[in-house]
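**Q** My questions will all concern the structure given below.
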Amino acid sequence: MTSLDFNKEALLELADHAHEHSISIFIPTHRRGKEVLEGQDSIAFKNHLQAIRLELEAQALPGNEIDALMLPLDALLDDPQFWRHRSEGLAVFRSSDHFFTFDSPVPLDDFHKIGPQFWVRPLLSYVQPSRQYFLLQLGKNGVVLYQADQYAITVVETGDAMPSGMEEVTKYYDFEQELQGRTKGAGGMTAMYASDDTDNKDKDHLLADYFRLVDEAMMKLNGTQTIPLLLASVAYYQPIYRQVNSYPYLHEGGLTGNFDHVQIDELHQMANEQLGDYFEGPRLQRIRQYQNNSGSELVSRDLRQILEAAVTGRIEALFVRHDAQAWGHFNEETLTATIHENENEGDASLIDQAALLTLRHGGEVYLMDEVKLLNSRSPVMITALYRF
C-alpha cells in the first residue's frame, strides 16, 4: 500500500493508471468520537467491499481474480490500527497492480466506482496551489507559531527565537473565565477571558513589552514572507499585540478565546473558516476575468472546443460543476470527440479528460457546486477561460 502525499503530479500519475477493473472508493471518516469507537468508518468501507465484490461477480470475473483483487482491501478492513488514525475522508484506489490510499482533510462523499481507470474527480480540488498562512497562538501557557494552508497545519520550530515564560507576565493579571458562545464557524464552544481588574490597564505595558519580543521573533523568522498572520488569543491580548506588531500582513480578524486546550485540528478548522475570503481569492479573480471576457472568443461552454483547447494548452481556468458528466471518446491526436447521452461500455469521462488535460498544460481547475458565471438561466456544467 502507498499512502499518497497529494499534489498535481500525484493526481496525474494516479489518473494514468489504466486497468479494466480499477476500483475507487471514497468515504467520510472521523478523527475521534463515538464514530471511531463504534467502528462506523470500517463498517462503511465494508459495505463498499461487499457491493464491489457483487459487481465484479456480475461482470463474470473469475473468482480467483476477484479474490486477488480484493485481498489488500480486505486486509485493510481487518486492520484496527488503520481505522483508529483517520482524518476527515478516505480515498482508496485498487487495481491488479496498484494500491493507493489518500487521507482527505475534508469529508468525501460516500461513493465507489469500478472502471477502466481510477476515478479522480473528487480529488481535483486538492491540486491547485494552496494558500499558506501563519497562526500565532498567544495563551497563558506560552506562544505557539503554526504554518498552515487549507489542508494541513504544522508547528513552526522557533528554537530560542521566540520568548518563553508568558506566565511571568500573565500572573499579574486577574482574569475571570466567561463562556461567551461559539467562535465564528463550526469550531464549537470556546472560553473567553475578560478582566474585571481595573488596575490591569496600568500593567498593559508588561504585555506590550512581551509581545514586542514575540513580534521581533516573528520578524526574524518570517519577516520576508508575504502570507497572512492570524492571531488566536483571548480578546484582551489582541489590541495590545496589534499596537506593537510590525509584521505587515497581520490579518484584521482574529480567533478570540482560550485555545490552550483546543485540539490542533479544531484550531485549524476555525482558522480556515476565518480566512475563507483569502482562500477564495484566486478563484474569484478567475471568475472576474471570465466575466470580463464574457461574449468574447476567450470563453467557451462547448465541450468539444474545450477538449481541443485543453490539448493545445489554451485553457487558463476550467470551471466544472462537481456532478457534471459527459461520456464518450476524445482522440487527442485527431482532436475529434464522440459524445454519448449515456455511459456506454468502454466510455471515458470527457469532463475528467478535459480537467486532466488542463492540469497537464498548467491550467487551473475549479470544482463548483454551481457554475454561475454567465448569469444564464440554463445550467452550465463546464466552461473555460482561454489564455489566447
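Every residue, every condition in (1) among the β-branched types (Val, Ile, Thr); (2) within 29 Å of Lys113 (Cβ to Cβ), yes or no:
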position: Ser296; (1), (2): no, no
position: Glu308; (1), (2): no, yes
position: Ile315; (1), (2): yes, yes
position: Ala324; (1), (2): no, yes
position: Phe388; (1), (2): no, no
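**Q** Ok, one more. Wholly within the range 116-158, which strands (runs of 3 or more DSSP E) include no fewer than the required count, namely at least 3 residues that are among the aliphatic types (A, V, I, L, M) and out of contact with any Asp or Glu (no Cβ under 7 Å at 6 or more places or on another chain)?
**A** 133-139, 142-148
**Q** Which one of the conditions (1) among the β-branched types (Val, Ile, Thr); (2) modelled with pLDDT under 95; (3) over 20 Å from Phe6 (Cα atoms) does Ile52 fail to meet, given that it meets all the rest?
**A** Going through the list (1) among the β-branched types (Val, Ile, Thr); (2) modelled with pLDDT under 95; (3) over 20 Å from Phe6 (Cα atoms), Ile52 breaks only (2).
**Q** To continue, here is another question. Within the range 8-32, which residues are open to solvent by 50 Å² or more (accessible area, probe 1.4 Å) and part of a helix (DSSP H, G or I)?
**A** Scanning the range 8-32 gives Lys8, Glu9, Glu13, Asp16.
**Q** Which residues, counting only those in the range 275-289, are part of a helix (DSSP H, G or I), open to solvent by less than 60 Å² (accessible area, probe 1.4 Å) and either closer than 14 Å to Glu316 by Cα or of a type in the set (A, V, I, L, M) (or both)? Lay out the reasoning, then the answer.
**A** Of all residues in the range 275-289, those part of a helix (DSSP H, G or I) come to 276-289.
Of the ones still in play, those that are also open to solvent by less than 60 Å² (accessible area, probe 1.4 Å) are 276, 278-279, 281-283, 286-287.
The answer is Pro282, Arg283, Arg286, Ile287.
**Q** May I pose another question? So is Ser42 part of a helix (DSSP H, G or I), open to solvent by less than 70 Å² (accessible area, probe 1.4 Å) and of a type in the set (S, T, N, Q) or not?
**A** For Ser42, the condition - part of a helix (DSSP H, G or I), open to solvent by less than 70 Å² (accessible area, probe 1.4 Å) and of a type in the set (S, T, N, Q) - is met.
**Q** Given the structure, is Glu35 open to solvent by 30 Å² or more (accessible area, probe 1.4 Å), touching a residue at least 12 places away in the same chain (Cβ under 8 Å) and under 28 Å from Tyr126 (Cβ atoms)?
**A** On the way: open to solvent by 30 Å² or more (accessible area, probe 1.4 Å): yes; touching a residue at least 12 places away in the same chain (Cβ under 8 Å): no; under 28 Å from Tyr126 (Cβ atoms): yes.
For Glu35, the condition - open to solvent by 30 Å² or more (accessible area, probe 1.4 Å), touching a residue at least 12 places away in the same chain (Cβ under 8 Å) and under 28 Å from Tyr126 (Cβ atoms) - is not met.
**Q** Within the range 123-139, track down each residue that is crowded, with 17+ Cβ neighbours inside 10 Å and closer than 17 Å to Gly254 by Cα.
**A** Hits for the range 123-139 are Tyr133, Phe134, Leu135, Leu136, Gln137, Leu138, Gly139.
Here is a yes/no grid of residues against (1) at pLDDT below 50; (2) among the aliphatic types (A, V, I, L, M); (3) within 24 Å of Tyr133 (Cβ to Cβ); (4) touching a strand residue (DSSP E or B) at 6+ places or on another chain (Cβ under 8 Å):
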{"residue": "Thr170", "(1), (2), (3), (4)": "no, no, no, no"}
{"residue": "Arg182", "(1), (2), (3), (4)": "yes, no, yes, yes"}
{"residue": "Thr190", "(1), (2), (3), (4)": "yes, no, yes, yes"}
{"residue": "Asp199", "(1), (2), (3), (4)": "no, no, no, no"}
{"residue": "Glu216", "(1), (2), (3), (4)": "no, no, yes, no"}
{"residue": "Ser233", "(1), (2), (3), (4)": "no, no, yes, yes"}
{"residue": "Val244", "(1), (2), (3), (4)": "no, yes, yes, no"}
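**Q** Can you confirm whether Tyr247 is touching a helix residue (DSSP H, G or I) at 6+ places or on another chain (Cβ under 6 Å) and open to solvent by less than 20 Å² (accessible area, probe 1.4 Å)?
**A** yes
**Q** Here is a follow-up. Can you tell me which residues in the range 262-274 are open to solvent by 50 Å² or more (accessible area, probe 1.4 Å) and assigned to a loop (DSSP other than H, G, I, E, B)?
**A** Gln263
**Q** Kindly indicate whether Asp277 is of a type in the set (Asp, Glu) and either under 15 Å from Gln147 (Cα atoms) or at pLDDT 95 or above (or both).
**A** In short, no.
**Q** Going by what's in this entry, would Leu255 be described as open to solvent by less than 10 Å² (accessible area, probe 1.4 Å), in contact with a Gly (Cβ under 9 Å, 6 or more places away or on another chain), modelled with pLDDT of 95 or more and in a helix (DSSP H, G or I)?
**A** no
**Q** Right, something else. Residue pairs, Cβ under 7 Å, 6 or more apart or interchain, first in the range 97-113 and at negative phi, second open to solvent by less than 20 Å² (accessible area, probe 1.4 Å) and assigned to a loop (DSSP other than H, G, I, E, B). List them.
**A** Here the result reads Asp103/Ser87; Ser104/Ser87; Pro105/Ser87, each pair linking the range 97-113 to a residue that is open to solvent by less than 20 Å² (accessible area, probe 1.4 Å) and assigned to a loop (DSSP other than H, G, I, E, B).
**Q** While we're here: Please go through the range 94-122 and pick out each residue that is open to solvent by 20 Å² or more (accessible area, probe 1.4 Å), within 21 Å of Gln353 (Cβ to Cβ) and hydrophobic (A, V, I, L, M, F, W, C).
**A** Phe100, Phe111, Ile114, Trp119
**Q** Sort out which residues of the range 45-59 are of a type outside the set (A, V, I, L, M) and open to solvent by less than 30 Å² (accessible area, probe 1.4 Å), and write them in order of number.
**A** Phe45, His48
**Q** Sticking with this structure for a sec: Select from the range 75-93 the residues that are surrounded by fewer than 13 Cβ atoms within 10 Å (Cβ to Cβ), farther than 17 Å from Arg31 by Cα and not aliphatic (A, V, I, L, M) and list them in ascending order. Full working, then the answer.
**A** Applying the first criterion (surrounded by fewer than 13 Cβ atoms within 10 Å (Cβ to Cβ)) to the range 75-93 yields 75, 78-81, 85.
Right, trim to farther than 17 Å from Arg31 by Cα and you get 75, 78.
If the condition is that a residue be surrounded by fewer than 13 Cβ atoms within 10 Å (Cβ to Cβ), farther than 17 Å from Arg31 by Cα and not aliphatic (A, V, I, L, M), then Asp78 is the only one that fits.
The values are calculated or read from the model by the stated rules, or taken from the named source; none is laboratory data. No experiment lies behind these values; they were computed from the predicted model shown. As a convention, Cβ positions derive from the backbone with ideal geometry for all residues, glycine included, and neighbour counts pool all protein chains shown. For the accessible areas, the whole protein counts, side chains as well, though only heavy atoms, and no ligand, DNA or RNA atoms are used. Shrake-Rupley method; radii C 1.70, N 1.55, O 1.52, S 1.80 Å.
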